[in-house]
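Undergrad: The structure is given below, and queries will be raised subsequently.
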Amino acid sequence: MKDGFIKVACATPKVKVADPEYNAGAMIKIIEEAEGRGANILVFSELTISGYTCGDLFLQQPLLKGCTEGLLKVAAATKGRNMLVVAGCPLVVKQKLYNCAVVIHEGKILGAVPKTHLPNYSEFYELRHFASGKGMDEVIRLGEMEVPVCTDQLFVCREIPELIIACEICEDLWVPLPPSTYHAMAGATVICNPSASVETTTKEVYRRSLVSNQSARLLAAYLYANAGEGESTQDVVYSGHHLICENGSVLAEAERFTNETIYADIDVQRLAAERRKMTSFPGGETGSCREIPFSLEIRENPISRTFPKAPFVPDNKEEREKRCNEILSLQSMGLKKRLEHTGCKHAVIGISGGLDSTLAVLVTARAFDMLEIPRENLICVTMPCFGTTDRTYQNAVSLVRELGADLKEIRIEKAVRQHFEDIGHDENVHDVTYENSQARERTQILMDLANQYNGMVIGTGDMSELALGWATYNGDHMSMYAVNCSVPKTLVRYLVLYYADTTENKKLSEVLMDVLDTPVSPELLPPVDGVISQKTEDLVGPYELHDFFLYYMLRFGFPKTKLYRIAKQTFEGVYDDETIRKWLDKFYWRFFSQHFKRSCLPDGPKVGSVAVSPRGDLRMPSDASPAAWL
């Protein structure tokens, strides 16, 4: 429960139809089991205490009396448990019967939410027994407790302000404007739905889509507990198809016809951050909602949900290949428009034999093909200097040859040495001046060549480098269109790999695979025995860690403590705790201190949900203090 993580569960017992005493006992056993698993919220199916399929027996006093007694037993069983329970139960209010979701905590019934929309078609005939709760606001007595009964109730956790719970019941979700829409607009981040949805062919897919989509629209967690085994099969079958969704993602799903209890860790801080970011999401529209407080003890429970090591890269190979093709298309279409608008028929790229320039060349070649511009108009310039190795040089030459582009080789040692002499710098001092002088000389050459050819310099730097400020200001930092500016380093690798796997040019594929196998390096320091001596990740840290930090910081606003916690879990066995802490501190320091490079970033296409363009996704002052984050 620390850091906004809440363990939730959905369940249904194997009920006995119209046997409230038995069903209450079965529910109590599940409550005990869920407590042992650390669940803080437990949602049961619709009319759990009676069973959904009682038919006209709902009109019988013995059943209704038994349901009230069973509900009180369930409530008593929650005493001393760090858990909020939502149970389905029929309740009588002023001689009318209502299908209710009853919210229970610490032995008390906090409130009852009646169903608004009653299905009365096909196999459903709820209007025969129940009244709609729309517009009602009553208080009834259950045992010694005064219990509010109305649809507009929000159950607010005192200790976790982001945890606000609301309820709707089954059919309420299937109508054009579900009550949960209003609940979310009023602040609810968790929607609980006790349901009794019958199982028919293909309905499973529709139900999953409906629940996940509603959680996405509401930027909420949606806990859907469905009736299952034990219900009458006189005419229909219930499968116990429970779902736990969060902002469009299915976190947990029950195997049908098993009556299994499902668990998941939702993140209410993440949901709250999404709502703060999405200014079009309505907020503060509490209307007539009644807020009912409850308390949960804060505990640092183990997190069962996982976080991908590479959040920018899909785990599934098929999905990853689809994503790669889409991103290459976005990059190419962005460049295509810019070339069309400017009338440029030539492009100039500095080619190093590294990952980023390789991707930029592939994207530009694709854009040229779209515009039917000859690839020989793509001018790739290799500019060897003090740190260039034979491996990267040969890869650069082979790549350009196989793509059919124009290769120019301009050695820059002489020009850089002249520059050292001009500014009085000792060539034997391998400091930042030594390194950046080479990067700026290369950029000057590219810009001037672009003038010669009436062309455009295509930037190669990626988003990870921009986030860390790992770019020479007015060197590789500058271009006329930056095709990789919103592609993180971990994703660059997969884009190049995808191209290698899908090209029909075997030689090109071999070159790309060797580029992928080459250590990431700016090659600004002399090699040792012909081998790259300067490895970027030794200096700024592993890109897989920095991309992980970048995603969860910018996308969801995770604070340092939470980032550190999930990084430790995700990279356990890969990096020790001290290493993660070291590079997390370095990430924050570089991210804040280097924003001045991002604030004058060249144009380039956004391809994912996280970007650092100052004109779109990231507007921050270049002199902001990182103290609160560190």
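The values are calculated or read from the model by the stated rules, or taken from the named source; none is laboratory data. Source: prediction; values computed, not measured. Positions of Cβ are backbone-derived with ideal geometry, glycine not excepted, and every protein chain shown enters the neighbour counts. Note: areas computed on protein heavy atoms with side chains; ligands, DNA, RNA excluded. Shrake-Rupley method; radii C 1.70, N 1.55, O 1.52, S 1.80 Å.
Undergrad: Within region 179-190, count every residue that is touching a residue at least 40 places away in the same chain (Cβ under 8 Å) and either open to solvent by less than 10 Å² (accessible area, probe 1.4 Å) or part of a loop (DSSP other than H, G, I, E, B) (or both).
TA: Counting residues in region 179-190 that are touching a residue at least 40 places away in the same chain (Cβ under 8 Å) and either open to solvent by less than 10 Å² (accessible area, probe 1.4 Å) or part of a loop (DSSP other than H, G, I, E, B) (or both) gives 6.
Undergrad: Do we have any residue at all in region 504-514 that's surrounded by fewer than 24 Cβ atoms within 10 Å (Cβ to Cβ) and part of a loop (DSSP other than H, G, I, E, B)?
TA: Yes; the residues of region 504-514 include at least one that is surrounded by fewer than 24 Cβ atoms within 10 Å (Cβ to Cβ) and part of a loop (DSSP other than H, G, I, E, B).
Undergrad: If only one of Gly4, Gly25 is surrounded by fewer than 24 Cβ atoms within 10 Å (Cβ to Cβ) and within 27 Å of Ile160 (Cα to Cα), which one is it?
TA: Only one candidate qualifies: Gly4.
Undergrad: From the residues in region 515-526 that are open to solvent by less than 40 Å² (accessible area, probe 1.4 Å) and within 30 Å of Asn428 (Cα to Cα), which one is farthest from the chain's Cα centre (by Cα)?
TA: For region 515-526, the residue satisfying everything is Leu524.
Undergrad: Among the listed residues Arg391, Arg401, which satisfies the condition of being of a type outside the set (A, V, I, L, M, F, W, C), open to solvent by 30 Å² or more (accessible area, probe 1.4 Å) and touching a residue at least 12 places away in the same chain (Cβ under 8 Å)?
TA: Arg391
Undergrad: Would you tally the residues in region 38-52 being on the phi > 0 side of the Ramachandran plot and open to solvent by less than 10 Å² (accessible area, probe 1.4 Å)?
TA: The qualifying residues number 2.
Undergrad: Now, a different point. When you scan region 611-624, do you find a residue that is touching a helix residue (DSSP H, G or I) at 6+ places or on another chain (Cβ under 8 Å), open to solvent by 30 Å² or more (accessible area, probe 1.4 Å) and in a helix (DSSP H, G or I), even just one?
TA: Scanning region 611-624 turns up no residue that is touching a helix residue (DSSP H, G or I) at 6+ places or on another chain (Cβ under 8 Å), open to solvent by 30 Å² or more (accessible area, probe 1.4 Å) and in a helix (DSSP H, G or I).
Undergrad: Within region 236-261, restricting attention to residues that are open to solvent by 10 Å² or more (accessible area, probe 1.4 Å), in contact (Cβ under 8 Å) with a residue 40 or more places away in the chain and touching an Asp or Glu at 6+ places or on another chain (Cβ under 6 Å), which residue is farthest from Ala273 (Cα to Cα)?
TA: Val236
Undergrad: Right, another one. Starting from residues that are open to solvent by less than 10 Å² (accessible area, probe 1.4 Å) and outside any loop (DSSP other than H, G, I, E, B), keep the ones in region 557-584 and report whichever is farthest from Pro488 (Cα to Cα).
TA: Result: Lys562.
Undergrad: Return a yes/no flag: does region 54-64 have any residue that is of a type in the set (S, T, N, Q) and either at pLDDT below 95 or open to solvent by 30 Å² or more (accessible area, probe 1.4 Å) (or both).
TA: yes
Undergrad: Which condition number does Glu578 fail, the rest of (1) modelled with pLDDT under 95; (2) more than 25 Å from the chain's Cα centre (by Cα); (3) closer than 30 Å to Ser625 by Cα being met?
TA: Among (1) modelled with pLDDT under 95; (2) more than 25 Å from the chain's Cα centre (by Cα); (3) closer than 30 Å to Ser625 by Cα, the lone unmet condition for Glu578 is (1).
Undergrad: Which one of these is assigned to a loop (DSSP other than H, G, I, E, B) and either among the polar types (S, T, N, Q) or modelled with pLDDT of 95 or more (or both): Thr443, Thr490, Thr433, Thr472?
TA: Sole residue among the options that is assigned to a loop (DSSP other than H, G, I, E, B) and either among the polar types (S, T, N, Q) or modelled with pLDDT of 95 or more (or both): Thr472.
Undergrad: Moving on. Anything in region 200-235 that is in a loop (DSSP other than H, G, I, E, B) and open to solvent by 10 Å² or more (accessible area, probe 1.4 Å)? List them, or say none.
TA: Listed by number, the residues that qualify are Thr200, Thr201, Thr202, Gly230, Ser232, Thr233, Gln234, Asp235.
Undergrad: For region 255-365, which strands (runs of 3 or more DSSP E) that fit wholly inside it have 1 or more residues that are closer than 30 Å to Met1 by Cβ and touching a His at 6+ places or on another chain (Cβ under 8 Å)?
TA: Because the criterion is at least 1 residues that are closer than 30 Å to Met1 by Cβ and touching a His at 6+ places or on another chain (Cβ under 8 Å), the strands (runs of 3 or more DSSP E) in region 255-365 that meet it are 262-267, 290-294.
Undergrad: State which residue is nearest to the chain's Cα centre (by Cα) when the search covers only region 448-460 and only residues that are touching a residue at least 60 places away in the same chain (Cβ under 8 Å) and open to solvent by 20 Å² or more (accessible area, probe 1.4 Å).
TA: This residue is Thr460.
Undergrad: I'm trying to understand the selection: among the residues of region 39-95, which are closer than 19 Å to Val149 by Cα and acidic (Asp, Glu)?
TA: Glu46, Glu69, listed by residue number.
Undergrad: Identify all residues within region 119-158 that are within 37 Å of the chain's Cα centre (by Cα), touching a residue at least 40 places away in the same chain (Cβ under 8 Å) and open to solvent by 80 Å² or more (accessible area, probe 1.4 Å); write none if there are none.
TA: If the condition is that a residue be within 37 Å of the chain's Cα centre (by Cα), touching a residue at least 40 places away in the same chain (Cβ under 8 Å) and open to solvent by 80 Å² or more (accessible area, probe 1.4 Å), then Arg158 is the only one that fits.
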